[in-house]
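Okay, so here's the structure we're looking at.
The values are calculated or read from the model by the stated rules, or taken from the named source; none is laboratory data. Predicted model, so just to flag it, every value in this text is computed and none were measured. FYI the Cβ positions are ideal-geometry reconstructions off the backbone, even for glycines, and counts take in every protein chain you see.
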Amino acid sequence: MKSYKALEASMVLTTLVLSCFPQLATAQGNLVFNGSFDTDASGWTITDISSGGGYISSAGNPPGSVFLYNLSIPTIPTASQVINSLTPGDLYIVSGDYQGAGGKDVTENSFGVALDSVFLFETAAPADHNWYNFNFEYTATSTRALLSLEAQINGLGAYSYYIDNISMEAVPEPNSLCLIGIGGIISAMFFRSRRKIWLQCGHA
């Protein structure tokens, strides 16, 4: 009877482990290339930038960022990148850091993040020069999407921004959490085994 229970527990554990493999194989990490701008802005298309804008090595969170700057109206300084290897229907988290570098007296949104030209995040200029984080969910409709970060939107020509630490990662499916469950099962089995031995040694 004891050996049957042990065999049954072993089979359940094996099934859980095997169910983890497909999800683990699809783990992708950050799909944005060079989102931290540590040494340059390679992989990004930077448009409508005035002199002094673009990649900045001395500014960032930490240093290394892109300065979306152009005082001309209605110019919209933009950093964009095509994101590949998306799975249609899957959910992704898009995140990053931004810092306002000019203009704080208007409540209208002046910075936005878009996928395929649809803004999924917009904000007004912060009242200070601190770094702030944005993040939002995006459900892929194709295997690729154009990610764009834009300043001076809505005709606000004096509202420039630094951007850094841009990321886009798949949201783990519930199955990807099975390793946590397996760890719990193994811990419980180990604790039960140790307790049984402890009791057999006369520790009531």
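Which one of 169, 108, 137 is more than 17 Å from residue 53 (Cβ to Cβ), charged (D, E, K, R), out of contact with any Lys or Arg (no Cβ under 8 Å at 6 or more places or on another chain) and not in a strand (DSSP E or B)?
108
Residues to consider are 26, 75, 45; find the one that is at pLDDT 95 or above, surrounded by 11 or more Cβ atoms within 10 Å (Cβ to Cβ) and not acidic (Asp, Glu).
Criteria check complete, one pass: 45.
Checking the structure you have, find out if any residue of the range 125-133 is under 20 Å from residue 35 (Cβ atoms), assigned to a strand (DSSP E or B), touching a helix residue (DSSP H, G or I) at 6+ places or on another chain (Cβ under 9 Å) and aromatic (Phe, Trp, Tyr).
No, there is no match, as no residue in the range 125-133 is under 20 Å from residue 35 (Cβ atoms), assigned to a strand (DSSP E or B), touching a helix residue (DSSP H, G or I) at 6+ places or on another chain (Cβ under 9 Å) and aromatic (Phe, Trp, Tyr).
Give just the number: which of (1) out of contact with any strand residue (DSSP E or B) (no Cβ under 9 Å at 6 or more places or on another chain); (2) surrounded by 16 or more Cβ atoms within 10 Å (Cβ to Cβ) does residue 69 not satisfy?
(1)
Going by the conditions given, is residue 95 in a strand (DSSP E or B) and within 19 Å of residue 167 (Cβ to Cβ)?
yes
Any idea which residue in the range 79-117 is modelled with the highest pLDDT, counting only those that are under 18 Å from residue 153 (Cα atoms) and loosely packed, with under 12 Cβ neighbours inside 10 Å?
117
Taking the condition of being within 19 Å of the chain's Cα centre (by Cα) and closer than 17 Å to residue 112 by Cα, how many residues in the range 43-87 meet it?
The number of residues fulfilling the criteria is 7.
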